[in-house]
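Single-structure report; data block below.
Computed from the coordinates by the stated procedures, all read-outs in this text should not be read as laboratory data. These numbers come from a predicted model, not from an experiment.
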Amino acid sequence: MKNQITDTLLMVRPVDYRMNEETAVNNYFQQKMKMNSEEITKKAQEEFDDFVDKLRKVGVKVITVDDIKENDTPDSIFPNNWVSFHQNGDVALYPMFAENRRRERREDILLAIEEEGYKIENIVDYSSAEADDKFLEGTGVLILDRQHRKAYCALSPRAEENLVIEFCEDFEYTPIIFKAFQNVNNERKQIYHTNVLMGLGEELAIICLSSIDDKKERKLVIDSLKEDGKTIVDITEKQMHEFAGNMLEVRGAFNKKYWVMSEAARKSLTEKQIEIIEKHSEILSSDLHVIETLGGGSARCMLAEVFLPKK
C-alpha cells in the first residue's frame, strides 16, 4: 500500500538566513526586506522553531538538522528541493539550478536520517545533470501522487522535461507535464516551482488553475485529478502569491491529518475554501513572514517528507 502522506519530516534550521541572490533571477516570489542580517537570521530562526514546535505538538515527528554557516547556503531551509525519501527505501538526490544550493546536498543529513531508525536501500543521484545545465529540483517541481503513481510538473528553468521523464521511469510514475505562469510587471513569466501553485493530499488538490495558460494543459491536469477522485480547491493567482498553493498534508498523532501552511496562506483563503479543506483535515498554520518573503518559498518548501521504511 503506497502512502500519500507521512508523519515524519526532515527540516533544516537556518544559521545565516538571507535572500539568495542566485535564485532571485527566476524566483519572482522573493522580495527584499529592510532588516539587517542579524535581525533576519534571528527572526527566521524564531519562525522555524515555532513551526517545528507546532508540528511536534500535534504528533508529527520532525527530524531537525542545523545548516552549516561555512557552506554559505542561504536556502538550506528548503531541503525538499535536493532530496526525496521513498517508501521502498530509495533516496533521490537532485540537480540544483543555483550553484550555492548544490552545497545543500549533505551526506551527514542522510546519516542522521538513518540514525533515527530509517533504512536507506538505494541512492538515485541525478545531480550530474548540473554539468549539462539541466535541473530537477525535487518535490519543489515534482508534485507526487504516490497512490496513483503520477508526477505533476510545471516545466521551468528548474525542471527539465527529459529529467522529469527519467525520474518517472526510474520511480514508476506517469508524468503529467504542463507550463504555469505568473504576472510579473505585466508579463507572463514561468513559475519556478510547481509546489507554489499546487499541493496534493489524500483527497484534495489545492491548485491555481488560472496559472496554467494553455487550456489543453489545464484540462489535462483537471481530468487527471478528477480521474483519481480528488476534490479540487482552485485558488487565485493573488492567493498563490500569499503561498496558498505551498501547502502539505501530513499525519499527526492518533492518525489525525493536517494541512500545513503559513499564516499568510491561511489568511488568504476564503471561508468556503477553508470549509472544504477542513472537511478532510485540520489546518495547521504558522507565521513564516520573513522566511517566505526573502526565500520565495513557504511552509511546504521547508518540509522534506520521510517515507523510508523503518530498520
(message) Given axes a ≥ b ≥ c from the Cα gyration tensor, I'd like to know whether the stretch 140-207 is rounded (a/c under 1.5), prolate (a/b larger than b/c) or oblate.
(response) oblate
(request) Can you run the Rg to Rh ratio on the chain? Use alpha carbon positions and the Kirkwood inverse-distance Rh. (result) 0.92
(message) Restricting things to Cα coordinates, could you compute the convex hull volume per residue of the stretch 104-153 in Å³?
(response) 120
(request) Indicate, rounded to the nearest 5 percent, the antiparallel portion of the DSSP beta bridges found entirely in the stretch 1-142. (result) 25
(message) Below 27 Å, Cα to Cα, which lysines can residue 189 reach? Residues fewer than 8 away in the same chain don't count.
(response) 32, 34, 134, 150, 179, 215, 216, 219, 238, 267
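Relative contact order, percent, of the chain when contacts are C-alpha pairs under 8 Å separated by at least 6 residues?
25
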(request) Give the cross-link partners of residue 311 among the aspartates and glutamates, using a straight C-alpha distance below 16 Å as the criterion and excluding same-chain residues fewer than 8 apart. (result) 90, 114, 115, 116, 121
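Nearest 5 is fine: what % of DSSP beta bridges in the chain come out antiparallel, could you say?
In the chain, approximately 45 percent of DSSP beta bridges are antiparallel ones.
Run the helix sum for the chain: -39,500 (n - 2.57) per DSSP H stretch of 4+ residues, divided by residue count, reported at 222 nm to the nearest 500 deg cm²/dmol.
-8000 deg cm²/dmol, from helical runs alone.
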(request) Pull up the DSSP beta bridges for the stretch 183-252 and report the antiparallel fraction as a percent, rounded to 5. (result) 55
(request) Starting from the Cα of residue 69, draw a straight line to each of the lysines and keep only those under 19 Å, dropping any in the same chain fewer than 8 residues away. (result) 42, 43
(request) Considering only 171, 48, 85, give the residue with the highest GNM mean-square fluctuation for the chain, with springs between Cα atoms whenever their separation is below 10 Å. (result) 171
